[in-house]
Amino acid sequence: FAHNVSKFLKTRGYNVLGADLGLNTHLVRFGEGMVNTFVILQQFEWALEDKALPNNLWVDKAKTVVHVDPAVQAETKAMINSTEVFIITLGLTEIWYDKRSGEPLWRAVHPKDYDDRVHGFRASTFQENFDNLCKIYGLIRAAKPDARIVFTLSPVPLVATFRPISCITASSVSKATLRAALDEFIRANMGDEKLHYFPSYEIVKEVCVDPYADDNRHPKPEVIAMIMQSFERHYCVAS
């Protein structure tokens, strides 16, 4: 869903750094895999606080190891410092992590690479996600005090879960946890007029009838268009 936001805004002529594949940053190249508050916070801490990270955490969609590169770190920091509007989309609460460091992984571990001594999985809590949102917000505000920040919740449900419950249940709990954490976070920072929540999730779930494509996961193109046109009306300035 975050890709749809970037694609729409870029076609409208806005300068969307998240869609610029010429930028050598993980937030751009692998942003589709960064769907929980833990890995998003990790990228901000790495770029802005020079957080030391082990070199075995990150794996791309093709299951290729992505190394901790100082050049990428510097470009990520530069990109953040040049951003005027942050649009951050959250997707799920389930996380994979490295048991040795406690650091989150971008995505599920491939079965052939799985090591029970190293790789862990769990469903994160409301409080953890609320705390992560506060930290992400604090880092952005320290770097860019005047930037606008827009949080959204992806309406795309889970396609699988590693919890011993049905995927439908896991997806519902995941979205509810994130939505509650976002609401608490926004209410805690109501004095910031440049902090926003855009209800893309609610539009799909509560407004649209039969909003999903045949896979029953991704919103139909006309639904995405309607959501983004609403976003443009409320948040974009005509040139």
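Counted by Cβ distance under 9 Å from residue 60, the other residues give a net charge of +4, where Lys and Arg count +1 and Asp and Glu count -1. About the centre of its Cα atoms, the chain shows a dipole size close to 160 debye [charges on the beta carbon of Lys, Arg (+1) and Asp, Glu (-1) only; nearest 20 debye].
Counting only protein chain heavy atoms and rolling a 1.4 Å probe, the accessible areas of 50, 215 rank, largest first, as 50, 215.
Residues within the reach of a label modelled at residue 159 (point 7 angstrom out along Cα to beta-carbon, backbone nitrogen below 18 Å), restricted to segment 200-230, are 212-221.
Hey, if you put +1 on the Cβ of every Lys and Arg and -1 on every Asp and Glu Cβ in segment 39-147, which of 43, 70, 108 ends up farthest toward the positive end of that dipole? Value computed over the given set: 108. Within segment 16-165, count lysine pairs with alpha carbon atoms under 20 angstrom apart where the residues are 8 or more positions apart or belong to different chains. Count of close lysine pairs: 11.
The Cβ shell under 13 Å around residue 144 holds other residues with a net charge of +1, Lys and Arg each +1, Asp and Glu each -1. Largest accessible area first, the listed residues 90, 53 line up as 53, 90 when surface is computed with a 1.4 Å probe on the assembled protein chains. Among the GluC sites (Glu not before Pro) in segment 176-224, those placed in a DSSP loop whose Cβ has at most 16 other Cβ atoms within 10 Å are 193.
In the chain, a dipole from Cβ-located charges (positive for Lys and Arg, negative for Asp and Glu) runs towards its positive end, and of 139, 88, 212 it is 212 whose Cα lies farthest in that direction. Exposed loop positions in the chain were taken to be trypsin sites (Lys or Arg not before Pro) whose DSSP state is not H, G, I, E or B and which have at most 15 other beta-carbon atoms within 10 angstrom. Between these positions, the longest stretch is 118-193.
The values are calculated or read from the model by the stated rules, or taken from the named source; none is laboratory data. It should be emphasised that the depicted structure is a prediction, and the values quoted were computed from it without experimental measurement. Cβ: placed from backbone, ideal geometry, glycine included. Neighbour counts: every protein chain shown. Remember, those area values only see protein heavy atoms, side chains included, never the ligands or the DNA or RNA. Shrake-Rupley method; radii C 1.70, N 1.55, O 1.52, S 1.80 Å.
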